[in-house]
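First up is the structure itself, then whatever we jot down about it.
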Amino acid sequence: MVNKLVVENLKHRPIRTFLTVAAIGLQVTMILTLVGLSDGTIEDSARRTRGVGADILVRPPASSAIGLSTAPIPQKMLEVLQRQPHVGLVTGTVEHATGGLFERVTGVDFDAFNRMSGGLKFLDGGLPQADNEIVVDDYYARQHKLHVGDTYSLINTSWKVSGVFEAGKGSRVFMRLNVLQDKIANPGRLSVIYVKADDAKNIPAVLAELKALLPDNPIFTLEEFLSQISASSIGLLKSFTNVVIGLSIVFGFLVVFLSMYTAVLERTREIGILKALGASPAYIVGILMRETIFLGLIGSLFGILLTYGTRFVIMSFPASLTQKIVPDWWPISTGIALVGAMLGALYPGLKAARQDAIEALTYE
Amino acid sequence: MSEPIISIRNLKKIYHVGDVDVNALRGVDLDIERGEFMCIVGHSGSGKSTLFNILGGLTPPTSGTVTINGKDLRGMTEAERTNLRKTEIGFIFQKYNLLPTLTASDNISIARSIAGRGENADPQFAEILKLLGISHRLNHKPRALSGGEQQRVAIARALVNHPSILLADEPTGNLDTENSNIVLGLMRDLNERLGQTIVMITHNPEAAAYGHSITHMRDGSIVG
């Protein structure tokens, strides 16, 4: 019966119910989008790094695992590394940020890069045949609406798209190594060196050799590097996520507080009737709490569904961001929404419970 | 003679309005017998509504004793008075006071739910519904019911938990003559057929004539 009363109360004020549900939904979407975005982008980055096929990465001195560095590693270092025992393949890349968040272009020696990575799998077109050509992955092509033969502006220059390849091999945009080096006025320099051991069992030995040879350079196995980028990113994002969660709780609290406070004022007479019928304060608080939980659950469901919408928008937006759907976070974000909502309903609930029955019954 | 179902001795109620004390009841003594249909008549400000609120456990007395079905209201906590309303008292109000979002049937059921009696009414209550003549209107919400029908639903709600006492505050105040007569006739029927004790507050002498006895109040005291 109480549930019926709760549902009827919510149906009685459809606009207020909708707005409250929408606000709680936005709160949940905010959390799920942020978490999905950070998880998605990190996972995508890790997947693409793995796609290069290297066992070991050599980064410039004083660089961190994440973030783009300039290109301070001398290119001739490739020959030195190639001569080390148990080193199978070596290739270097130069990376340059292109303005957008997480957007970069990578210069590669296509022959060496393809040997290490197994080759770019072209969905359309092929490798650059001239210095003014670039190749892009299908994700980038879709976001930027690019096709083979199109011209595209990057680093203040127009480039022709010679091929669209399947995503998953390091960068989303490649051009010839020397072309990018010249373009950024850093000839003969590299941002990262990728090393592949002649045999997987020799990776530790190669790692030790390289560390001895280049003591100032951060050198990681692929797995170390991947754990570093996720650890660094999560460490960075965790604080941000916590801030968003905190704001969500405050947001949910305020929305539900306002909604329930108005509801209590509107239902003063009804509360008086319930009291006259013998409803205890706990019974009345219980009605409001059930109403709040109902709103919280429907709002959370709405928020979860809305996350698919934000993913669609973000994936369509040319920013090289990847949003993952994070079902693990559905109960967490629902819990957060419920906590905020119930805190918001507490004061109106107590106000209703304390209402004087006689005054309430005479309320017009 | 059996013990009165309501016994009031030297009942006083003082309201504090700002810095002023208002003596709403000035030492009321009254006995109401089980099965009686008593009407308390008085003009506005006579104290009859205050008496109604105290008998209904909606407000505590300032002093004096009120015993309802053997339970002394003096010193009762809020929770105890809430429990009294659940078990001993059924209310009928001038403005019906039905919950607007619920159907007539649900308005009756919620009173059972609050009393913790489950939602299915007993066979005796079916007879009451028949007597009230609202069985065919139970699925309608209050806005779809006439004033007379709403008041009959309110009576059904008041009786669903078989209270010892039915308290009615100007039950015909919002009704036309025809519906007033129907409602008052039903109350008399309930009293005569089921032995329901009824205390009705009214300022209308014609309505008061439906009761067994009439008590007049003026300025917070019983005057006859």
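Taken together, the values in this text are just the output of simple stated rules run on the coordinates, not laboratory data. Just so we're clear, the structure is a prediction, and the values are computed from it rather than from any experiment. Reconstructed Cβ throughout: ideal geometry from the backbone, glycine too, with neighbour counts over all protein chains shown.
On a straight-distance basis, which aspartates and glutamates could pair with A:Lys275 in a cross-link, Cα separation under 15 angstrom, same-chain partners fewer than 8 positions away excluded?
A:Asp356, A:Glu359, B:Glu78, B:Glu80, B:Glu88
Summarise the partner chain shielding of B:85-98 as one whole number: the mean count of Cβ atoms from other chains within 10 Å of each residue's Cβ.
3
Would you mind computing, in nm to one decimal, how far apart the modelled labels at A:Lys238 and B:His136 are, each placed 7 Å from Cα along Cα→Cβ?
7.1
What helices does chain A hold that run 18 Å or longer along their axis, going by alpha-carbon atoms, with a Kyte-Doolittle average of 1.0 or more, using DSSP H for the helix calls?
A:222-266, A:281-316
To the nearest µm²/s, what D does Stokes-Einstein give for the protein assembly as shown at 10 °C and 1.306 mPa s, using the Kirkwood radius over alpha carbon pairs as Rh?
Estimated via Stokes-Einstein, D reaches 53 µm²/s.
With a 10 Å cut-off between alpha carbons and a GNM built on chain A, which of A:Ser153, A:Ser191, A:Ser300 moves the most?
A:Ser153
Give the angle, between 0 and 90 degrees and rounded to the nearest 10, that separates the Cα long axis of helix B:123-132 from the longest principal axis of the Cα atoms of chain B.
The answer is roughly 90 degrees.
Can you give me the C-alpha center-to-center distance between the range A:311-364 and the range B:85-133, rounded to a whole angstrom?
Taking the Cα centre of each part, the range A:311-364 and the range B:85-133 sit 34 Å apart.
Find out how many positive minus negative residues lie around B:Thr87, taking Lys and Arg as positive, Asp and Glu as negative, among other residues whose Cβ is under 13 Å from that of B:Thr87.
Summing Lys and Arg as +1 and Asp and Glu as -1 gives +4.
Taking H placed 1.01 Å from N in the peptide plane, check which residues at least 5 places from B:Leu25 or on another chain put their amide H under 5 Å from its amide H.
Close amide H contacts, sequence-distant or interchain: B:Lys13.
Enumerate the lysines that A:Lys169 could reach by cross-link, defined here as Cα to Cα under 29 Å, with residues fewer than 8 away along the same chain left out.
Straight-distance partners of A:Lys169: A:Lys76, A:Lys121, A:Lys145, A:Lys160, A:Lys183, A:Lys196, A:Lys201, A:Lys211, A:Lys238, A:Lys324.
Would any residue of the range B:153-180 have its amide N under 15 Å from a label point 7 Å out along Cα→Cβ of B:Asp122? List them or say none.
Residues B:159-165 qualify, since their backbone N sits under 15 Å from the label point.
Counting only DSSP beta bridges with both residues in the protein assembly as shown, tell me the antiparallel percent, nearest 5.
Approximately 65 percent, going by the DSSP bridge assignments.
Any chance you could count the Lys pairs in chain B whose alpha carbons are under 30 Å apart, treating pairs 8 or more apart or on different chains as valid?
For chain B, qualifying lysine pairs total 19.
Using a 7 Å offset from the Cα along the Cα-to-Cβ direction at both B:Arg193 and A:Asn3, what is the distance between the two label points in nm, to one decimal?
Modelled inter-label distance: 3.6 nm.
Taking H as built 1.01 Å from N, whose amide H comes closer than 5 Å to the amide H of A:Thr98, not counting residues under 5 places away?
Under 5 Å from the amide H of A:Thr98: A:Glu103, A:Arg104, A:Val105.
Using a 7 Å offset from the Cα along the Cα-to-Cβ direction at both B:Arg34 and A:Ile325, what is the distance between the two label points in nm, to one decimal?
Going from the B:Arg34 label point to the A:Ile325 one covers 6.8 nm.
Hey, got a sec? Which GluC sites (Glu not before Pro) in the range B:100-198 land in a DSSP loop and have at most 16 other Cβ atoms within 10 Å?
Here the sparse-neighbourhood loop sites are B:Glu119.
Hey, how many Å between the Cα centroid of the range B:25-49 and the Cα centroid of the range A:171-235?
The range B:25-49 and the range A:171-235 have Cα centres separated by 95 Å.
Collect residues whose amide H, placed 1.01 Å from N in the peptide plane, falls under 5 Å from the amide H of B:Gly64; neighbours closer than 5 in sequence don't count.
B:Lys12
What span do the alpha-carbon atoms of chain B cover on each of the three principal axes, reported in whole Å from largest to smallest?
49, 44, 37
For the range B:1-70, state what percent of all Cα-Cα pairs lands in each successive 10 Å bin, counting from 0 Å until the bin that includes the largest distance.
Per 10 Å bin, starting at 0, the Cα pair percentages come out as 19, 52, 23, 5, 1.
Just how large is the dipole of the protein assembly as shown about the Cα centre, in debye to the nearest 20, putting +1 at every Lys and Arg Cβ and -1 at every Asp and Glu Cβ?
The dipole of the protein assembly as shown has a size of about 160 debye.
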